[in-house]
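Novice: Take a look at this one; I'll ask things after.
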Amino acid sequence: MKAVRKTFCLLVILVVLAGLGASLVVTYPDEYRLVRQFGEIVRIVDTPGVSFKIPFVQTADSVPKALQIYDIPKSDVITKDKKSMIADAFVLWRISDPVLFTRHLNGQVAQAQARISASVFSSMKAVISNMDQTEIIENRDGKLALDISGNIGDSLSGYGIEVLAVETKSLDMPDDNKQAVYDRMISERNNIAASYTAQGNSSAQKIKNDTTKEVAVMKSEAQAEAERIKAEGEAQYMQILSGAYNDADKADFYNFVRSLDAAKASLKSGDNTLILDKSSPIAQIFYGYE
């Protein structure tokens, strides 16, 4: 009887331990725990730690809570100017509603990735088809990814999925037309450079013409001012000369000085002999003739 009682107690302990273990729900920081009862989700545990459920009646499974990254397969897209490009991108996403995620996608990440891939490709195709190839290449620094993400919006929220970002790893031309595109881009940049050079030369010539015109005007004004000053000087000279001749004493002195200057000028050749006729004005001054 003692052996039977020990065995019974041991079985009771095992049943209690099994029931306790079946009632525990351990939740980790990177997951949601879904508590089900008869297949229906009755509770979501989203905080890490230990909680409880009804043993043998309720079950618990998990879906990821952490940020997910999905590398989308490369795909061909057509630009607005009918050029083919190869797009390679990846998506950052997470499960925002574990109930919707489980209900519509059976809690399968693979099914979620398929939905994301289709949505991102559709958005990428729509955005790129409205842009020329050159515009796409110029916007690969971030604007293109923002446009693609914005075009997706909350279209996946019905599946409990939130797309945080779509980043393009590469967006390039097929190998068979890369060189042609590069040559065309180089030609366009050369044309732009030539246009800038022509504009610069035109501006330089205009500045040069304006400067030449300003210099000519300044010279003309300076010459006119010089002629005016010269005319004023000549007028003053004539006034002084007229004043000298109006006075007999001043006139005689002026004639005397002029005669001396003339005599001095005639002796510059090195001959100190001056021969004058008596009728010469200079001789009359020296001899006192009237």
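The values are calculated or read from the model by the stated rules, or taken from the named source; none is laboratory data. Small disclaimer: the values here were computed from a predicted structure and weren't measured. Glycine also receives a Cβ, built like all others from the backbone with ideal geometry; neighbour counts cover every protein chain displayed. Heavy atoms of the whole protein, side chains included, go into the accessibility calculation; ligands, DNA and RNA do not. Shrake-Rupley method; radii C 1.70, N 1.55, O 1.52, S 1.80 Å.
Novice: Let's see if you can work this out: charge +1 on each Lys and Arg Cβ, -1 on each Asp and Glu Cβ, no other charges. What is the dipole magnitude of the stretch 63-147 about its Cα centre, in debye to the nearest 20?
Specialist: Details: 11 positive and 10 negative charges, 70 e Å.
Dipole size: approximately 340 debye.
Novice: While we're on this one: What's the magnitude of the charge dipole for the stretch 55-198 around its Cα centre, counting Lys and Arg as +1 and Asp and Glu as -1 at the beta-carbon? Answer in Debye, nearest 20. Intermediate values should be presented prior to the final figure.
Specialist: Values: 15 positive and 19 negative charges, 44 e Å.
The dipole magnitude comes to about 220 debye.
Novice: Is there a pair in Lys206/Lys230; Lys82/Lys169; Lys80/Lys169; Lys143/Lys206 whose C-alpha atoms are over 31 Å apart, and which pairs would that be?
Specialist: Working: Lys206/Lys230 36 Å; Lys82/Lys169 22 Å; Lys80/Lys169 21 Å; Lys143/Lys206 41 Å.
Checking Cα-Cα distances, Lys206/Lys230; Lys143/Lys206 exceed 31 Å.
Novice: What spacing in nm lies between the two simple spin-label points modelled at Ile54 and Ser203, each 7 Å away from Cα in the Cβ direction?
Specialist: 8.3 nm
Novice: While we're on this one: State the percentage of accessible surface on the stretch 68-185 attributable to carbon and sulfur atoms; use a 1.4 Å probe and exclude ligands, DNA and RNA.
Specialist: Numbers: 2960 of 6070 Å².
Carbon with sulfur: 49 percent of the solvent-accessible area.
Novice: Right, something else. Pull up all non-local amide H partners of Lys65: gap of 5 or more, or a different chain, and H-to-H distance under 5 Å with H placed in the peptide plane.
Specialist: Hits under the 5 Å cutoff: Glu31, Tyr32.
Novice: Using the heavy atoms of the protein chains alone and a 1.4 angstrom probe, what is the accessible area of the stretch 49-111 per residue in square angstrom?
Specialist: Details: 3480 Å² over 63 residues.
Dividing the accessible area of the stretch 49-111 by its residue count gives 55 Å².
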